[in-house]
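S.K.: Sharing a structure here in structure tokens format.
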Amino acid sequence: MTDTTAMPRYRGVFPVVPTIFNEHGALDLEGQRRAVDFMIDAGSEGLCILANFSEQFVLTDAEREEVMQAVLKHVAGRVPVIVTTTHFATHICAERSRRAQDLGAAMVMIMPPYHGATIRVAERGIHDFFQRVSDAISIPIMIQDAPVAGTPLSAPFLARMAREIANVAYFKIEVPQAAAKLRELIELGGDAIVGPWDGEEAITLMADLDAGANGSMTGGGFPDGIRQITDPYLAGRREDAVAAYARWLPLINYENRQCGLLAAKALMEEGGVIRCGMARHPIAQLHPATRAGLIEIARRLDPLVLRWGR
């Protein structure tokens with residue numbers, strides 16, 4: 001049984017930081033730093049960089065390194081930062097994870113190894129993959145359990161890895177019926193499950209909190225709104241959390257179902273946080289009507305993102 005008594009205990013709202021590009025598609029590191037400052041000012045209790053919602057899949061290795069260095073240096077310990085280090089090759093994922101740790105990352109987030117629509121690894125290989133990455137570092141690992149990997153990770157298997165692999169202690173669950181899986185994972189893993197976390201832009205946040213989630217990794221556009229849900233819930237005021245969830249759910253839903261990873265950048269652009277909210281080609285840009293719908297819903301809630309840069 002892995003001893004997690006000395007494991008850092010992170011909880012609360014850790015949104016994904018979008019990667020900021022200029023109108024030509026090049027990295028905009030000034031905008032990147034402004035996005036980070038806004039997200040911290042808006043109440044983010046931690047940040048996650050280089051995730052799928054950060055468009056990590058359109059970055060070169062050199063650009064990944066550039067973004068990681070810029071963000072970790074700029075945050076300078078103000079909040080803990082999770083760095084996504086997913087790669088199919090075990091040794092590359094381990095090297096990425098060790099590099100993130102050396103630069104000051106508080107945790108790494110990793111998906112199980114996969115490639116395309118068909119290349120997968122069996123449970124034995126996945127267990128060995130995470131064991132070898134864990135052996136290379138001394139900070140926590142968050143396993144990202146998401147449909148994009150196309151890799152079934154049963155609750156019993158995740159719980160076993162938490163018990164047997166020293167640094168595996170956090171889990172971002174973003175599969176259908178996430179609350180049921182979180183509940184089972186906590187029951188099976190016990191104290192080895194340090195961080196059972198909600199994912200998928202908080203669209204299932206209330207159910208996941210009721211199932212025992214103690215953290216949430218959302219989009220980066222309105223952490224102040226998500227805090228209005230998680231703060232009272234984690235303080236034992238469930239009814240206040242339910243009321244806040246009802247207020248913010250239309251915006252959460254619009255982000256999740258209409259805008260995806262472009263929502264945070266559209267909101268940041270509208271509020272003057274960044275100059276350009278474009279994704280990198282070939283990701284399609286938001287239709288003007290979709291963007292207008294997002295901004296309309298957001299204005300009714302007055303999130304900091306629409307005021308921060310004005």
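FYI, it's all coordinate maths here, none of it is from the lab. All values derive from a computational prediction rather than experimental measurement. Don't worry about glycine lacking a Cβ; one is built from the backbone with ideal geometry, like all the others, and counts go over all protein chains shown.
S.K.: Please report the net charge: other residues with Cβ closer than 12 Å to the Cβ of Leu286, K and R +1, D and E -1.
M.R.: Working: positive: Lys265, Arg291; negative: Glu255, Glu269, Glu270.
Taking every other residue near Leu286 into account, the sum is -1.
S.K.: I'd like the antiparallel share, as a percent to the nearest 5, of DSSP beta bridges with both residues in the chain.
M.R.: Bridges in the chain that DSSP calls antiparallel: roughly 10 percent.
S.K.: Peptides 32-45, 126-139, 218-231: what's the order by average Cβ count within 10 Å, highest mean first?
M.R.: Details: 32-45: 21.1, 126-139: 18.0, 218-231: 25.6.
Packing order, densest peptide first, comes out as 218-231, 32-45, 126-139.
S.K.: Here's another thing I want to ask about it. With charges only on Cβ, +1 for K and R and -1 for D and E, what is the dipole size of segment 12-306 about its Cα centre, in debye, rounded to 20?
M.R.: Dipole size: approximately 180 debye.
S.K.: Further, regarding this structure: Of the peptides 176-189, 278-291, how do they stack up when ordered by the mean number of other Cβ atoms within 10 Å, highest first?
M.R.: Descending mean neighbour count gives 176-189, 278-291.
S.K.: Where nothing but the Cβ of Lys and Arg (+1) and of Asp and Glu (-1) is charged, how large is the charge dipole of segment 21-115 around its Cα centre, in debye to the nearest 20?
M.R.: Dipole of segment 21-115, to the nearest 20 debye: 320 debye.
S.K.: Right, something else. Which of the aspartates and glutamates could be linked to Lys181 by a straight reach, that is with a Cα gap under 18 Å, when you skip same-chain ones fewer than 8 residues away?
M.R.: In chain and number order, the partners are Glu123, Asp145, Asp191, Asp198, Glu200, Glu201, Asp208, Asp210.
S.K.: Please give the net charge around Val148, taking every other residue with its beta carbon less than 15 angstrom from that of Val148, where Lys and Arg add +1 and Asp and Glu add -1. Intermediate values should be presented prior to the final figure.
M.R.: Working: positive: Arg120, Lys172; negative: Glu55, Asp145, Glu174, Glu200, Glu201.
Cβ neighbours under 15 Å give a net charge of -3.
S.K.: Ok, one more. If you take log10 I(q)/I(0) by the Debye sum over Cα atoms at q = 0.09 Å⁻¹ from the coordinates, which of [x] -0.56; [y] -0.41; [z] -0.47 do you get?
M.R.: Entry [y].
S.K.: Which value in deg cm²/dmol, rounded to the nearest 500, describes the helix-derived mean residue ellipticity at 222 nm for the chain, given -39,500 (n - 2.57) per DSSP H run of n ≥ 4 and division by the residue count?
M.R.: That comes out to -13500 deg cm²/dmol.
S.K.: While we're looking at this one, here's another question. I need the peptides 20-26, 7-13 ranked by packing, meaning the mean over residues of other C-beta atoms within 10 angstrom, with the highest value on top.
M.R.: 7-13, 20-26
S.K.: Could I ask something else about it? Applying 1/(1 + (r/R0)^6) with R0 = 22 Å to the Cβ-Cβ distance of Phe157 and Arg132, what FRET efficiency is obtained, to the nearest 0.05?
M.R.: Between Phe157 and Arg132 the formula returns 0.85.
S.K.: Can you give me the Cα centroid spacing of segment 15-55 and segment 188-205 in angstrom?
M.R.: First find each Cα centre; the distance between them is then 23 Å.
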